[in-house]
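Student: Provided herewith is a single structure, encoded as structure tokens, for subsequent inquiry.
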Amino acid sequence: METNKLEDRLINFSVLVIAIYDNLKTSYDANYYGNQLIRSSGSPALNYGEARSAESHKDFVHKMGVCLKELRESFNCLKIISRANLYLENQEDLDNALDENNQLI
């Protein structure tokens, strides 16, 4: 079985965000940004998998562009969650997610 380091990092990032989501405050704003974050952080791993089987170079570039857009959206959601103090656990967890997200971008 072929391993792909980027794919693993994207999947691990999605899993990290799920753990963050599970520790958000129970409020409308936390729910709104948490739901958005779940969607945007999971998308890059899924789209990267599709990009690896792209039908053309143009298709590959398009799918990788979607990955980048979703990672940037995730980064902004994480910053909003952090600045609005919507996370119940250690701020270091959010900082680690922001760092990994930024590296993936």
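Coordinate-derived values only; no laboratory data. Keep in mind the model is a prediction, meaning the values are calculated, not measured. For neighbour counting, all protein chains shown are included, and Cβ atoms are generated from backbone atoms with ideal geometry for every residue, glycine included.
Student: Would you pick out the residues in the range 75-101 that are touching a Phe, Trp or Tyr at 6+ places or on another chain (Cβ under 8 Å) and surrounded by 14 or more Cβ atoms within 10 Å (Cβ to Cβ)?
Tutor: Cys77, Ile80, Ile81, Leu86, Asp93, Leu94, Ala97, Leu98, Glu100, Asn101
Student: Considering only residues that are over 18 Å from Asn35 (Cβ atoms), within 14 Å of the chain's Cα centre (by Cα) and either outside any helix (DSSP H, G or I) or without any contact (Cβ under 8 Å) to a residue 40 or more places away in the chain (or both), which ones fall in the range 70-102?
Tutor: Asp95, Leu98, Asp99, Asn102
Student: Looking only at the range 8-31, filter to residues that are in a loop (DSSP other than H, G, I, E, B) and not β-branched (Val, Ile, Thr); which one of those is farthest from Ala97 (Cα to Cα)?
Tutor: My answer is Ser27.
Student: Within the range 1-49, take every residue that is more than 19 Å from Tyr87 (Cα to Cα) and of a type in the set (Val, Ile, Thr) and give me the one that is surrounded by the fewest Cβ atoms within 10 Å (Cβ to Cβ).
Tutor: Thr3
Student: Before we move on, is Glu89 acidic (Asp, Glu), out of contact with any strand residue (DSSP E or B) (no Cβ under 6 Å at 6 or more places or on another chain) and under 17 Å from Asn31 (Cβ atoms)?
Tutor: Here the answer is yes, as Glu89 does meet what is asked.
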